[in-house]
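Please read the structure below before turning to the comments.
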Amino acid sequence: MDLCGLKEILYKIHNSVNKLLQWALEQFTDLTAGLLAHFLFRQHFHFLLSVLVVFGPALSLWVSKYSIFGNKDHYLYRLFLQSCWGWTCVLCGSFIFLLSYCISNSFIHSVRHLSRLLVAGTLWTLFRRLLSFLVDASGSCFEPLQGPTEVHRNPGALLDSDTGPLLLLREEKGKAACLKAGLQWQGCEVSDDILILSLCCLILAEEIAVFGPCMALGKTVGGSLRIIFLLCVLLLGLWIFLILCLLAHFPLFPSQLVGGALGYLGWKGLYYKGWCVLKPGWCCLGKPKALLSDSSVDVIEARVNAL
């Protein structure tokens, strides 16, 4: 066999593999988009997430304390949890921009659809600042006493084994300064991790659910957009998994419940009671399903009503 014949065979194999991968990508994305666009998922995902947050701490009765996910230094927590909003903005923002551009062929119009993430990011920042203020105002900083020798008067009577170790009140400004000094903070807290994970899950589910109806309009969808869509689906699954890990291995009731409730209220206020229900203008384009109207107003009425 000469070199030209070998190249021709390799070229045919390469084309066959590419066609097979393209077919598998299209079939999998079509199936996933159809499931996410189903009315059961769109209408009840927030309810399922609420049930997960409420009853998730019960999983701590069955998980092993020696599990790798019981270590807060695990790479999943360090790589994803600490930059949860960043990952969501990058992948979800890329998906929104490409999908909008695929439908409208307008760069400016696609950028305007990103305003939903901008408002969500602003909302998350306000939540963090407000919660930090409330935690600092409602808590106190304490230094644990190392032994009876630190108590000047009658140490035996002050150190009561029934009430736990004696704590000395310290004048530290805020929780961050208290923990940085190696002291203990006691007070009301809200789980920032559950709050941002719940908010990101609800935003991702809301944004990627329109992919199926958009493809049904007959627009050509490239492989890059399909891959980003699948990455968003994987990210949604990862956030749900991290919520389960936090609830099972680090149960903090009721701070996690309050965090989940605030995440739900943020999503509800953004998409159904606030920014996205305003009259469409230059900055506000409505809910994610407004992407469908960029192609055909007549088609959207039938499809949205079906959702």
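The values are calculated or read from the model by the stated rules, or taken from the named source; none is laboratory data. It should be emphasised that the depicted structure is a prediction, and the values quoted were computed from it without experimental measurement. Neighbour counts run over all protein chains shown; Cβ positions are idealised from the backbone, glycine included. In case anyone asks, the SASA skips ligands and DNA or RNA and just uses the protein heavy atoms, side chains included. Shrake-Rupley method; radii C 1.70, N 1.55, O 1.52, S 1.80 Å.
Restricting attention to the stretch 93-103, does a residue exist that is modelled with pLDDT under 85 and either in contact with a Phe, Trp or Tyr (Cβ under 9 Å, 6 or more places away or on another chain) or assigned to a helix (DSSP H, G or I) (or both)? Walk me through how you get there before you give the answer.
Pass one, the stretch 93-103, residues modelled with pLDDT under 85: 103.
From the residues that got through so far, the ones that are either in contact with a Phe, Trp or Tyr (Cβ under 9 Å, 6 or more places away or on another chain) or assigned to a helix (DSSP H, G or I) (or both) too are 103.
Scanning the stretch 93-103 turns up at least one residue that is modelled with pLDDT under 85 and either in contact with a Phe, Trp or Tyr (Cβ under 9 Å, 6 or more places away or on another chain) or assigned to a helix (DSSP H, G or I) (or both).
Can you say whether SER100 is out of contact with any Cys (no Cβ under 9 Å at 6 or more places or on another chain), in contact (Cβ under 8 Å) with a residue 12 or more places away in the chain, open to solvent by less than 60 Å² (accessible area, probe 1.4 Å) and under 23 Å from VAL258 (Cα atoms), as far as the supplied structure shows?
So SER100 fails the test.
Out of GLY212, GLY218, I need the residue that is surrounded by fewer than 17 Cβ atoms within 10 Å (Cβ to Cβ), of a type in the set (Gly, Ala, Ser) and within 15 Å of ALA33 (Cα to Cα). Which one?
GLY218
Please count how many residues of the stretch 205-263 are among the small types (Gly, Ala, Ser) and closer than 19 Å to VAL190 by Cβ.
Summing the residues that are among the small types (Gly, Ala, Ser) and closer than 19 Å to VAL190 by Cβ in the stretch 205-263 gives 5.
Yes or no: ALA261 at pLDDT 85 or above, in a helix (DSSP H, G or I) and open to solvent by less than 20 Å² (accessible area, probe 1.4 Å)? Outline the logic, then answer.
Details: at pLDDT 85 or above: yes; in a helix (DSSP H, G or I): yes; open to solvent by less than 20 Å² (accessible area, probe 1.4 Å): no.
Spelling it out, it is not the case that ALA261 is at pLDDT 85 or above, in a helix (DSSP H, G or I) and open to solvent by less than 20 Å² (accessible area, probe 1.4 Å).
Among the candidates TYR77, TYR66, single out the residue that is at pLDDT below 90, of a type in the set (Phe, Trp, Tyr), more than 15 Å from CYS200 (Cα to Cα) and part of a helix (DSSP H, G or I).
Exactly one residue qualifies, and that residue is TYR77.
Taking the criterion of being more than 29 Å from LEU247 (Cα to Cα) and modelled with pLDDT of 80 or more, would at least one residue in the stretch 162-171 satisfy it?
The answer is no; no qualifying residue exists.
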